[in-house]
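Working notes, beginning with the structure itself.
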Amino acid sequence: MRLETRKLLDKAFSGLGIIAIAVMAMALLAILSPIIWRGSKAFVFKGTVEHRRVMLEQFDRGNPEKFNADYAEAVAARAPIYDMLEDFEKETTQLEESLSEKQEAKKNQSKEFRNKARAMKKEGGSDEKIAQLEAEENRLKDEAKALKEQIRALSETREEPFHELVDAVQDLFGPMPGQKKPVLIRQQYGQTRWDRTQVKLHEVLYEEEWDYSNADAMGILVTKPRVEKFRGTELEGFFHYLEENLEAMMKPKTTFYWQFITDTSKDSHIFGGIWPEVLGTIYLTLGAMIFAIPMGVIAAIYLCEYAKEGRVISFLRICISTLAGVPSIVFGLFGLAFFLNTIQVSDSKSVLAGSLTLSLLILPTIIRSSEEAILAVPRAYKEAALGLGAGRWHTVMTVILPASLPGILTGIVISMGRAAGETAPIIFTAAVSVGAPLKIWETLNQPTPALPWNIYNLCTEHEAVDEIRHVQYGMVFTLVAIVLLLNLAAILMRARISKKLRG
């Protein structure tokens, strides 16, 4: 090959390498940017006075005197809202009672004219007078029916639209004054985050309806101002006041909630943090590595240094390579069938069973990477050690294994990240949706929440899935951070070992 051609090819391959690295960096940035941005909102956000109330009452955290002053101002700003709702209810109740009394009076008058007409017919009165009585009776009946329609329309306005409005206000601010304290924690407080407060404000100001007037197209979602149903009532000014004074009623402040990692959740992650999930993920990951690393490295040493090449060893290597490509759900079902139902390492789901299952999942990767690292050690190292009289085991432990350790750690780093992020294997063996943080000794027989499973669970099955988006992204952000930190620790350890080996 000519020198110019070789230089051209070298530049071409270098350029392609740089392009590949740039594309990978851009892809990584595109994936991580929304996770970091939206995940950070679980830690840094505008918290309302309701958030500070939750922190004080549920977690005993905050300054009571400062909170009481803020909350008193918020309650004072909310008072006109509750007064308008109460006045409207009283007004409509009184009007309905007045109309009912009028309707009853019209009915009674109608009965009187009907009785008079009947009596006159029996006595043989004039037809003209009887017709007048009957006409008056029909007029009163029509007026009673009209009053009945007014009562029905008033009742409909007071019942469904008004109750919907009250429910929306309670979602925004919490229970109304004098109302019995709800059982669920989520119903005891208003909106704790300013972004969700604005969403709830839109639900109060507007109602959504589906327009199916066009038979040839799908329904169109239409928003209509809710105030239109309350024109001319005490609540007409309610909506303007609410929109203008929302900030005074909620008193939002920028909040740095680093306890999102260390707090336990309240009411299925509506409040609180994700400490049980973080701790469970760490337990499962470290447990898997404790089981997988010794078995994987020992198996690699045996295959490279002790086993004689033949059909059996070739078959074993094929099996190891095949296991590396088996879907993770298969390992989960195997863990359920073998570790829980057959040998019964625990009575039910447990961290131990999940760690054993994950260790089998990552074992092929550790074996293959360890094999490649051991085979990459120069043969001269082994020959020199054996030539100086060292035994095979001594040579492996003091020469080959230390020299291959950086490569082995590379496989461990990759396996650690996979173990931390797997969902399918722990669904059947270790994970639960809600649970308390476990002590170390409880991992032998207790299940645990874990970030991968809870992320899936909160995104697909939680009843308030839209209201806890920040929790979902916060979990993803935390999981990525844990994997990166574990990988960084392993990389630093590998670099330190490599530096020592170089002298």
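Read-outs: derived from the displayed coordinates by stated rules, not from any lab. Fair warning: this is a prediction, and the values are worked out from it, not measured in the lab. Virtual Cβ from ideal backbone geometry, glycine too; neighbours counted across all protein chains shown.
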Add +1 for every Lys or Arg and -1 for every Asp or Glu among the other residues with Cβ under 12 Å from the Cβ of residue 426, and state the total. -1
Charges on Cβ only, +1 for Lys and Arg, -1 for Asp and Glu, centred on the Cα centroid of region 213-259; of 227, 256, 240, which one is farthest towards the dipole's positive end? 256
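Please arrange 330, 23 by how many other C-beta atoms lie within 10 Å of their C-beta, fewest to most. All intermediate terms of the calculation are to be shown ahead of the outcome.
Details: 330 13, 23 10.
By the 10 Å Cβ count, ascending: 23, 330.
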Options (i) 22.8, 69; (ii) 37.0, 144; (iii) 27.3, 93 are given for Rg and Dmax of the Cα atoms in Å, and the computed one is (ii)
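Neighbouring Cβ atoms within 10 Å as the yardstick, rank 204, 199, 351, 345 fewest first. Please list the in-between numbers first.
Details: 204 22, 199 14, 351 28, 345 17.
Arranged by neighbour count, lowest to highest, 204, 199, 351, 345 become 199, 345, 204, 351.
Please label the shape of region 182-248 as rounded, prolate or oblate, based on the square roots a ≥ b ≥ c of the eigenvalues of the alpha-carbon gyration tensor (a/c under 1.5 means rounded; beyond that, a/b larger than b/c means prolate, else oblate).
Details: a/c = 2.34, a/b = 1.44, b/c = 1.62.
Oblate, since a/c reaches 1.5 and b/c is not below a/b.
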About the Cα centre, and with charges only on the beta carbon of Lys, Arg (+1) and Asp, Glu (-1), how big is the dipole of region 313-404? Nearest 20 debye, please. 140 debye
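Beyond a 22 Å Cα-Cα separation, which of these cross-linked pairs lie in this structure: 382/500; 46/200; 224/253; 41/200?
Numbers: 382/500 19 Å; 46/200 15 Å; 224/253 31 Å; 41/200 18 Å.
Listed pairs above 22 Å: 224/253.
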May I ask for the distance between the Cα centers of region 215-242 and region 456-477, given as a whole number of Å? 30 Å
Once Lys and Arg get +1 and Asp and Glu get -1 on their Cβ, which of 384, 472, 406 lies farthest toward the positive end of the dipole of region 345-484? 384
Could you work out the helix-only [θ] at 222 nm for the chain, with each DSSP H run of four or more residues adding -39,500 (n - 2.57) and the total divided by the number of residues, to the nearest 500 deg cm²/dmol? -23000 deg cm²/dmol
Fewest Cβ neighbours within 10 Å first, please rank 176, 250, 26 accordingly. 26, 176, 250
Can you list the residues, at least 5 places off or on another chain, whose amide H is less than 5 Å from the amide H of residue 271, using H built in the peptide plane? 266
Whole-Å distance linking the alpha carbon centroid of region 255-292 with that of region 7-27 is 40 Å
Could you tell me which of rounded, prolate or oblate describes region 199-315, using a ≥ b ≥ c as the square roots of the eigenvalues of the alpha-carbon gyration tensor, with rounded for a/c under 1.5 and, failing that, prolate when a/b is larger than b/c and oblate otherwise? oblate
